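So the structure is just underneath, and the comments pick up after that.
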Amino acid sequence: MDTSATTGLQRGILWLWIGGASGFLAAYLLLFAPNELLGIDTGLVGSALLLLAGWSAVYGLSATRANPESLITFGEKQAWIALITTMAVGAYLLYKLNGLGWAIDLRSRALEKIATNSVAMLVGAAILAHLLRQREAGATLEDERDRAIRQRAASDSHGVLLTLLIGLIVTLGLTPVERLPFSSPIAIAHALIGLLLLSELVRHAAEVWRYRQERR
């Protein structure tokens with residue numbers, strides 16, 4: 001291995017460590033820390049750290065690959081960002097809403113905080129994707145392979161979503177209301193949001209899996 005490859009590997013490992021540390025700190029601030037520390041909104045700081053963790057992970061993985069044929073393409077980087085963001089938002093909503101007992105006031109401060117942090121994570125992911133696009137300006141960002149991978153992953157996601165929706169409808173239709181643990185409107189809304197998040201998780205996971213399969 002030449003000197004430049006060794007330097008790239010070391011730089012990549014350093015960025016992976018930075019990404020890991022940022023991710024752990026972001027998880028603490030989003031899930032366990034109080035809403036404010038020293039007058040600073042911990043949710044927004046956690047979302048910013050999550051953005052740093054995503055950038056560090058993508059950059060670090062790219063830098064540790066010396067073989068050009070094994071480099072992560074722009075499409076795969078986008079798929080990884082979307083997968084990590086979906087997992088983060090889903091885990092955050094599950095943890096916070098479960099801690100509040102699921103039945104919460106739509107006008108409450110707690111729900112406003114949860115919505116703000118969730119949107120901040122989505123905006124951060126969009127900013128990260130834009131930065132990656134700017135960084136790789138001039139390169140081929142998308143080809144027929146990328147479009148085919150996205151189309152097959154979307155088909156997988158739609159199939160999962162349709163199956164789960166049919167299951168939910170059948171359950172609601174055949175089970176007496178008094179025996180359903182999620183018969184209230186707010187509970188059904190939570191279930192539908194969960195199904196949408198799960199279908200998106202399947203889509204992005206399928207994209208990542210197919211990209212990795214084609215690089216082998």
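Here are a few things to note about the model shown:
- Residues that are modelled with pLDDT under 85 and either assigned to a helix (DSSP H, G or I) or surrounded by 15 or more Cβ atoms within 10 Å (Cβ to Cβ) (or both), drawn from the range 153-180: Leu168, Ile169, Val170, Thr171, Leu172, Gly173, Leu174, Val177, Glu178, Arg179
- Reported count of residues in the range 42-81, each being polar (S, T, N, Q), modelled with pLDDT under 70 and either out of contact with any Lys or Arg (no Cβ under 9 Å at 6 or more places or on another chain) or outside any loop (DSSP other than H, G, I, E, B) (or both), is 3.
- Of the residues making up the range 22-49, those that are within 15 Å of Gly99 (Cβ to Cβ) and of a type in the set (Gly, Ala, Ser) number 3.
- Residue in the range 107-127 that is among the small types (Gly, Ala, Ser), assigned to a helix (DSSP H, G or I), loosely packed, with under 11 Cβ neighbours inside 10 Å and at pLDDT below 80 present: no
- Test: residue in the range 181-192 that is surrounded by 14 or more Cβ atoms within 10 Å (Cβ to Cβ), out of contact with any Leu (no Cβ under 7 Å at 6 or more places or on another chain) and modelled with pLDDT of 80 or more: no
The values are calculated or read from the model by the stated rules, or taken from the named source; none is laboratory data. Computed from a prediction, not measured in an experiment: that's the story for all the values here. For neighbour counting, all protein chains shown are included, and Cβ atoms are generated from backbone atoms with ideal geometry for every residue, glycine included.
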